[in-house]
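Participant: Got a structure for you, questions after.
Coordinate-derived values only; no laboratory data. On a predicted model such as this, the values are computed, not experimentally measured, just so you know. Cβ: placed from backbone, ideal geometry, glycine included. Neighbour counts: every protein chain shown.
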Amino acid sequence: MSNSIRLLDDAAIRELSRGAIESPRKRNHQLWHQSHQESVQRIAMWLEPETYVRPHLHPQDYKWEMMILLQGAARLISFDDTAEVTQVVELSPQGVMMVEMPPLTWHTFVVLEPTLLVEVKPGPFEAAQPEDFAQWAPMEGEPQCADYIEHWRGVSCGDSGAL
């Protein structure tokens, strides 16, 4: 483990942005934890508006997820088990800049403009299983993903998250 202070500076942000623009997934991240076994997982992330985050949940009852917006704008949307929208949080530098998603909550993230955020959650890292993703939403890379992104840009509480 290094004793050097780590920085998220302009050069690191430019690298995250460049990587996201060039990535087919339209996002890029930098791990700040040394091991997937650490008790706190920390990630700096750049996301482009075309990125698709399939609705998912963290099935462990201790696995909350905190997102801290550094720049950009996005919507965090939560759903119930039937795909009904239960909450929409608009993140922007002029408003909400930090959210904490409780465990066992279906959610997605829609990027409105190029966005930089930090994600913090308890470890250790556990890979998502197929049942951790909403079966009513397309898998990443499927043709309908763009339609879902556009739909989620305009949903309100009580709407269906599904098309």
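Participant: Please go through (1) buried (at least 16 other Cβ atoms within 10 Å of the Cβ); (2) within 22 Å of Tyr148 (Cβ to Cβ); (3) free of Cβ contacts under 8 Å to residues at least 60 places away in the same chain for Asp80 and return the number of the only condition it doesn't satisfy.
Facilitator: Checking Asp80 against (1) buried (at least 16 other Cβ atoms within 10 Å of the Cβ); (2) within 22 Å of Tyr148 (Cβ to Cβ); (3) free of Cβ contacts under 8 Å to residues at least 60 places away in the same chain, the one that fails is (1).
Residues are listed down the side, and each one gets a yes or a no for (1) farther than 28 Å from Glu15 by Cα; (2) within 17 Å of the chain's Cα centre (by Cα):
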position	(1), (2)
Leu57	yes, yes
Ala74	no, yes
Glu84	yes, no
Lys121	no, yes
Pro124	no, no
Gln144	yes, no
Asp147	yes, no
Asp159	yes, no
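Participant: Kindly indicate whether Thr51 is surrounded by 14 or more Cβ atoms within 10 Å (Cβ to Cβ) and within 18 Å of Ala128 (Cβ to Cβ).
Facilitator: So Thr51 fits the description; yes.
Participant: Given the conditions (1) over 19 Å from Ala20 (Cβ atoms); (2) in contact (Cβ under 8 Å) with a residue 24 or more places away in the chain, report the number of the one that Ile149 does not fulfil.
Facilitator: Result: Ile149 passes all but (1).
Participant: Determine which member of the set Ser35, Ser39, Ser17 is over 18 Å from Glu126 (Cα atoms) and of a type in the set (Gly, Ala, Ser).
Facilitator: Within the list Ser35, Ser39, Ser17, the selection yields Ser17.
Participant: Okay, next question. Residues in segment 17-31: is at least one closer than 28 Å to Trp136 by Cβ and among the polar types (S, T, N, Q)?
Facilitator: yes
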